[in-house]
Amino acid sequence: MKRSAVRRSAVAASVSLLSLALLTGCSGSDSSGKDDKGKQEDKASQPAEGGGGSDAKPLSAAELEKAALTKADVKKSAVEEPPEDEILDGKVKTDDDACLPLADAVAGVVAEGATAKEYRQVTAEPEIDASALAEEDADASFESAFDVTTTLVSLAAYDGEDKPEAALKALNEAVTACQGGFGATLQGEDQEVTEVAKESGPTGGDESLAVTITAKQDGASGPMKLVVVRKGTTLAYFTAINLASMSSGKDFDFPADLFEAQMNKLG
């Protein structure tokens, strides 16, 4: 692929449904920090260490924050906390109301009613093939620099299991209803999802859902990954994009190590 084409694809990806949530210019703060809104939400409840279920001890907001990923938890990755103004609650619209729960989840928006929330953006370090650094492979080298997966991890705690259970049910219904795609608008940008496919994906917790979403914009079309897990009274959302895949249309591997690290921290 020519360098100019990769640049155009990267620009297109930067305003796609998911990457608007992931790539709008995070503050660069370490994940050990916390925004003021999160500090004010002290009534969290979620399964205690040792598993989910109705008998699990709820976690406080401070404990939910502690369960969120840090750089020490994920190798060769940057872990940041998105600024509050980059959280997209209420900023996603769809041309079919049945698809809104899915569009929200892809953009990292958690289901309503959460008593506490935590967000982490995890960006893997690029692995550039040394042979691609030769002058004649400049375009390949440029493209390989975009072979980076960025994942937004959204954690939401609720005061019971009914709301997260209902959220997973709504997501499953949306996947079924919207397999043929849908249109969406996010912060004034029109998006087109052309395909929604349920996957086996990584599993964990009490119930989970894994989906691959194919999105198209400005001539670029590629896959995005969504995994949502309910663990007791907590929902964990993992939304991932790879810029190289957005430009080439090829599939990419969901970051299983990141998923495992987060689920281990949730207990």
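The values are calculated or read from the model by the stated rules, or taken from the named source; none is laboratory data. Note that the coordinates shown come from a computational prediction; the quantities given were computed from them, not determined experimentally. Cβ sites come from the backbone with ideal geometry, for glycine too, and all protein chains shown count toward neighbours. For accessibility, only protein heavy atoms count, side chains too; no ligands or nucleic acids. Shrake-Rupley method; radii C 1.70, N 1.55, O 1.52, S 1.80 Å.
The table below lists the values:
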| read-out | value |
| --- | --- |
| Residue within segment 227-239 that is under 17 Å from the mean Cα position of the chain (by Cα), outside any strand (DSSP E or B) and in contact (Cβ under 8 Å) with a residue 40 or more places away in the chain present | no |
| Residue within segment 195-203 that is surrounded by fewer than 20 Cβ atoms within 10 Å (Cβ to Cβ) and over 20 Å from ALA236 (Cα atoms) present | yes |
| Hey, MET246 in contact with a Ser or Thr (Cβ under 8 Å, 6 or more places away or on another chain), under 27 Å from PHE182 (Cα atoms) and not in a strand (DSSP E or B) or not | yes |
| Among the candidates GLU189, GLU207, GLU173, residue that is of a type in the set (D, E, K, R), under 18 Å from the mean Cα position of the chain (by Cα) and surrounded by fewer than 20 Cβ atoms within 10 Å (Cβ to Cβ) | GLU207 |
| Which listed residue, of ALA62, ALA98, is modelled with pLDDT of 95 or more, surrounded by fewer than 22 Cβ atoms within 10 Å (Cβ to Cβ) and either within 26 Å of GLY188 (Cα to Cα) or not acidic (Asp, Glu) (or both) | ALA98 |
| Qualifying residue in segment 203-214 (condition: touching a residue at least 60 places away in the same chain (Cβ under 8 Å), out of contact with any strand residue (DSSP E or B) (no Cβ under 7 Å at 6 or more places or on another chain) and closer than 16 Å to LYS250 by Cα) | no |
| Among (1) touching a Lys or Arg at 6+ places or on another chain (Cβ under 7 Å); (2) modelled with pLDDT of 95 or more - the single one LEU266 does not satisfy | (2) |
| Check on LYS76, open to solvent by 50 Å² or more (accessible area, probe 1.4 Å), at pLDDT below 95 and at positive phi | yes |
| Enumerated strands (runs of 3 or more DSSP E) restricted to segment 135-213, each holding at least 1 residues that are of a type in the set (Phe, Trp, Tyr), modelled with pLDDT of 90 or more and within 17 Å of VAL106 (Cα to Cα) | 182-186 |
| Of residues in segment 149-166 being farther than 30 Å from GLU127 by Cβ and crowded, with 24+ Cβ neighbours inside 10 Å, the one farthest from the chain's Cα centre (by Cα) | TYR158 |
